[in-house]
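The values are calculated or read from the model by the stated rules, or taken from the named source; none is laboratory data. The model shown is predicted, which means the values in this text are computed figures rather than measured ones. Here Cβ is always computed from backbone atoms with ideal geometry, including for glycine, and neighbour counts include all displayed protein chains. Surface areas here come from the heavy atoms of the whole protein model, side chains and all, with no ligands, DNA or RNA. Shrake-Rupley method; radii C 1.70, N 1.55, O 1.52, S 1.80 Å.
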Amino acid sequence: MGYSDEDERIIGEQFDKLMSSCSKICKNDYDADLIKRAFFLAKEAHEGVRRRSGEPYILHPLAVARIVVDEIGLGVKSVVAALLHDVVEDTEYTVEDMERIFGPKIAKMVDGLTKMSGVFNADTSEQAEYFRKVLLTLSDDVRVILIKIADRLHNMRTLGSLRPDKRSEEH
């Protein structure tokens, strides 16, 4: 399945843009390496998966990570969590894997993002329950909410690639 040469070129460009954005938040080589490890894990985990637009799925977490750093102003751990935000939900990786590879703080953020995944895709009574969870998460780590907002923002920005009848279903 893999990535085509063109996919690799586009992914590489977007990754380079992310790393350029992150130069202002990386205090040392460890920070940059952490972001790179998260990117390569997410890229491998989402290999062969495409968005409805047809683009490789990995471009979505890359875009969310750029929103997190460029538009919201969060730090390295938030960028890493943004890159990994769909890995536990959509692949074989677990929260325990995230903790083993990236440590407890990032694993907890990824877990919070995974638990929030249904917030915007539920009926009204389910949404009330999800928003209760969101408020509980808020008291734990506000960055999780901000990353989720970045995720939703990128989804909204890319609605134009969907047929009009699919736009309201999707988001």
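Please enumerate the residues belonging to the range 1-38 that are farther than 17 Å from VAL76 by Cα and among the small types (Gly, Ala, Ser).
GLY2, SER4, GLY12
Condition check ((1) at pLDDT 95 or above; (2) within 24 Å of CYS22 (Cα to Cα); (3) open to solvent by less than 70 Å² (accessible area, probe 1.4 Å); (4) among the hydrophobic types (A, V, I, L, M, F, W, C)) across all residues:
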{"position": "PRO56", "(1), (2), (3), (4)": "yes, yes, yes, no"}
{"position": "MET98", "(1), (2), (3), (4)": "yes, yes, yes, yes"}
{"position": "ILE106", "(1), (2), (3), (4)": "yes, yes, yes, yes"}
{"position": "ASP141", "(1), (2), (3), (4)": "no, yes, yes, no"}
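Tell me, please, whether a residue that is within 20 Å of THR158 (Cα to Cα) and open to solvent by less than 70 Å² (accessible area, probe 1.4 Å) can be found in the range 71-78.
Scanning the range 71-78, I find at least one residue that is within 20 Å of THR158 (Cα to Cα) and open to solvent by less than 70 Å² (accessible area, probe 1.4 Å), so the answer is yes.
Enumerate the helices (runs of 4 or more DSSP H) found wholly within the range 1-95, keeping only those where 3 or more residues are of a type in the set (D, E, K, R) and farther than 13 Å from ILE147 by Cα. Show your work before the answer.
Values: elements: 5-22, 29-45, 59-66, 76-84, 87-90.
Result: 5-22, 29-45.
Based on what the data block shows, is LEU18 at pLDDT 95 or above, crowded, with 17+ Cβ neighbours inside 10 Å and closer than 23 Å to LYS115 by Cα? Give the steps one after another, and end with the answer.
Working: at pLDDT 95 or above: yes; crowded, with 17+ Cβ neighbours inside 10 Å: yes; closer than 23 Å to LYS115 by Cα: no.
When the stated conditions are applied, LEU18 does not pass them.
Please go through the range 39-70 and pick out each residue that is farther than 18 Å from THR158 by Cα and aromatic (Phe, Trp, Tyr).
Within the range 39-70, PHE39, PHE40 meet the criteria.
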